[in-house]
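Participant: Got a structure for you, written out below as structure tokens; questions coming shortly.
The values are calculated or read from the model by the stated rules, or taken from the named source; none is laboratory data. On a predicted model such as this, the values are computed, not experimentally measured, just so you know. In this analysis, Cβ positions are derived from the backbone assuming ideal geometry, glycine residues included, and neighbour counts consider all displayed protein chains.
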Amino acid sequence: MTDPSSTGSTRTALPLRAIDAIAEGCGHLAALCASLLVLLTAGLVLAFSLGHGSVKVQDLVLWLNVGMVMLGLGYALKSRAHVRIDVFSSRWTERTRARVEVLGVALLLLPLCAAIAWLSVDYVAMSWRVSERSASSGGLAGLYLAKTLLPIGALLLALQGLAEGLRALPVAFGRPAPALQAAEPRA
């Protein structure tokens, strides 16, 4: 919503900048996964059209997809690239939008992230315990690494949601909106 320093506290500004930096870094990793995903998918299509294929490459495409999504969640929220329904909010005041942002983060986003993380812990732990590998014959080992991205992605999204909620708090409580925006809404 706003510049990290807009909370009016240097105590808060540094952690918000750190969360933003983590989201940026993970966003770059997600973009790398997406680029590799496109290249490998094109290679798979070409290989299958020539009568060849690789189970390991198929697995890698799937795992890169997991990496792209789970590492990109926080970045998408930070850059406001996620889906928003602006039918109502376009008519709201900035203060009302900020209040809805804070409530949405507190009542929807953070509980969802907590549920994803909580429910995936045993799933991931079991995968690590047995050193799970691809179910496909000749597939890649280390499926547990891809599964580990489930709680990590939930944590990254929760962190960025917390940062966005903290940025919205001053506006929600009637303080003037800061001049600088961390990310402009996409049209």
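Participant: If you check Val45 against the conditions, is it modelled with pLDDT of 85 or more, in contact with a Leu (Cβ under 7 Å, 6 or more places away or on another chain) and farther than 30 Å from Ala98 by Cα?
Facilitator: no
Participant: Tell me, which residue of segment 18-59 that is in contact (Cβ under 8 Å) with a residue 60 or more places away in the chain and of a type in the set (Val, Ile, Thr) is farthest from Leu143 (Cα to Cα)?
Facilitator: Ile19
Participant: Another question about this same structure. In the set Leu62, Leu108, Leu73, which member is without any contact (Cβ under 8 Å) to a residue 40 or more places away in the chain and of a type outside the set (Val, Ile, Thr)?
Facilitator: After applying the criteria, what remains is Leu108.
Participant: Just the residues that are in a loop (DSSP other than H, G, I, E, B) and at pLDDT 95 or above, please, taken from segment 81-130. Before the answer, list the steps.
Facilitator: Let us first name the residues in segment 81-130 that are in a loop (DSSP other than H, G, I, E, B), namely 81-85, 90-93, 130.
Across segment 81-130, the qualifying residue is only Val130.
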